[in-house]
Amino acid sequence: MMVARVIGTVVASRKDAGLGASALLLVQPLGTDGKAAGKPIVAVDSVGSGVGEQVFYVKGREAALPFLPAEVPTDAAIVGIVDHWNLS
Amino acid sequence: MILGRVVGTVVATRKDERLVGAKLLIVRTVDPYGKDEANHLVAVDTVDAGLNDRVLVVSGSSARMAQGLKDTPVDAAIVGVVDELEIEKR
């Protein structure tokens, strides 16, 4: 899983039925310094997060699991909102 | 999922039988601001995307979760056509 910041929303009216009403959010992965690291990707939200929030997301086949038993065709899903984090 | 732009089509007569009837498109990856990137990939279209459409591409084994792609040898699928993308100011 990776920590990221939600930086935007994606609207797509023509989409796979499995994506249904789930929110599609643009997330920017963050490095340990809290700064952007790598390219933004589009993730399906499973926890009700919003733009500006820090979240963590899961990639790959497991990204579909939060939505079971629905079959959601996604390779990235937001699975938690970060309250705070620290590095020692 | 990544963002891309449809830039072409692929026609293949001889292919895996589970891909018969699948629409194969060439997608160029783009950044959220709409700028083209260097990468291209071939993806199966499940939402009737057209040339120049900005699309959502799901990759890896998750691509097989798209409609009609169960048990097909596919690692990239177009699952949405982007109408609008709202992004916070940098």
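The values are calculated or read from the model by the stated rules, or taken from the named source; none is laboratory data. From a predicted model like this one, the values you see are computed outputs, not experimental measurements. Heads up, the Cβs are rebuilt from the backbone with ideal geometry, glycines too, and the neighbour counts pull from every protein chain shown.
For the range B:6-24, check the following and say yes or no: at least one residue is within 20 Å of A:Gly60 (Cβ to Cβ), surrounded by 15 or more Cβ atoms within 10 Å (Cβ to Cβ) and touching a residue at least 12 places away in the same chain (Cβ under 8 Å).
No, that holds for no residue.
Return the total of residues in the range A:5-38 being within 13 Å of chain B (Cβ to nearest Cβ) and either over 20 Å from B:Val79 (Cα atoms) or in a strand (DSSP E or B) (or both).
The number of residues fulfilling the criteria is 18.
Could you grab me the full set of residues in the range B:24-49 that are in a strand (DSSP E or B), among the acidic types (Asp, Glu) and closer than 20 Å to A:Gly38 by Cα? Break it down stepwise before answering.
Applying the first criterion (in a strand (DSSP E or B)) to the range B:24-49 yields B:24-30, B:36-45.
After this cut, where a residue has to be among the acidic types (Asp, Glu) as well, the list is B:36-37, B:45.
Of everything in the range B:24-49, those that are in a strand (DSSP E or B), among the acidic types (Asp, Glu) and closer than 20 Å to A:Gly38 by Cα turn out to be B:Asp36, B:Glu37.
Just checking, does the range B:2-16 include any residue being assigned to a strand (DSSP E or B), facing chain A (nearest Cβ under 9 Å) and either among the hydrophobic types (A, V, I, L, M, F, W, C) or at negative phi (or both)?
Checked against the condition, which is being assigned to a strand (DSSP E or B), facing chain A (nearest Cβ under 9 Å) and either among the hydrophobic types (A, V, I, L, M, F, W, C) or at negative phi (or both), the range B:2-16 yields at least one hit.
Based on this model, can you work out whether B:Glu86 counts as over 20 Å from A:Arg61 (Cα atoms) and touching a Ser or Thr at 6+ places or on another chain (Cβ under 7 Å)?
yes
So A:Ile78 fits all but one of (1) within 16 Å of B:Ser61 (Cα to Cα); (2) at pLDDT 95 or above; what number is the exception?
That leaves (1) as the condition not met.
Residues of the range A:39-60 being more than 9 Å from every other protein chain (Cβ to nearest Cβ), outside any loop (DSSP other than H, G, I, E, B) and not polar (S, T, N, Q), which ones?
Here is the first cut: in the range A:39-60, the residues more than 9 Å from every other protein chain (Cβ to nearest Cβ) are A:45-50, A:53-58.
Restricting the remaining residues to those that are outside any loop (DSSP other than H, G, I, E, B) gives A:45, A:54-58.
Listed by number, the residues that qualify are A:Asp45, A:Val55, A:Phe56, A:Tyr57, A:Val58.
Which of the numbered conditions does A:Ala64 fail, given that it passes all the others? Conditions: (1) more than 7 Å from chain B (Cβ to nearest Cβ); (2) free of Cβ contacts under 8 Å to residues at least 24 places away in the same chain.
Condition not satisfied by A:Ala64: (1).
Please go through the range B:36-67 and pick out each residue that is without any contact (Cβ under 8 Å) to a residue 24 or more places away in the chain and closer than 17 Å to B:Val20 by Cβ.
Those that are without any contact (Cβ under 8 Å) to a residue 24 or more places away in the chain and closer than 17 Å to B:Val20 by Cβ: B:Arg64, B:Ala66, B:Gln67.
Would you please name the residue that is surrounded by the most Cβ atoms within 10 Å (Cβ to Cβ), looking only at residues in the range B:59-90 that are within 17 Å of A:Ala21 (Cα to Cα) and touching a Pro at 6+ places or on another chain (Cβ under 7 Å)?
Ranking the candidates gives B:Val79 first.
What do you reckon, is A:Ala76 in contact with a Lys or Arg (Cβ under 6 Å, 6 or more places away or on another chain), surrounded by 20 or more Cβ atoms within 10 Å (Cβ to Cβ), at the interface with chain B (Cβ under 9 Å from one of its Cβ atoms) and among the small types (Gly, Ala, Ser)?
On the way: in contact with a Lys or Arg (Cβ under 6 Å, 6 or more places away or on another chain): yes; surrounded by 20 or more Cβ atoms within 10 Å (Cβ to Cβ): yes; at the interface with chain B (Cβ under 9 Å from one of its Cβ atoms): yes; among the small types (Gly, Ala, Ser): yes.
Taking the combined requirement at face value, the residue satisfies it.
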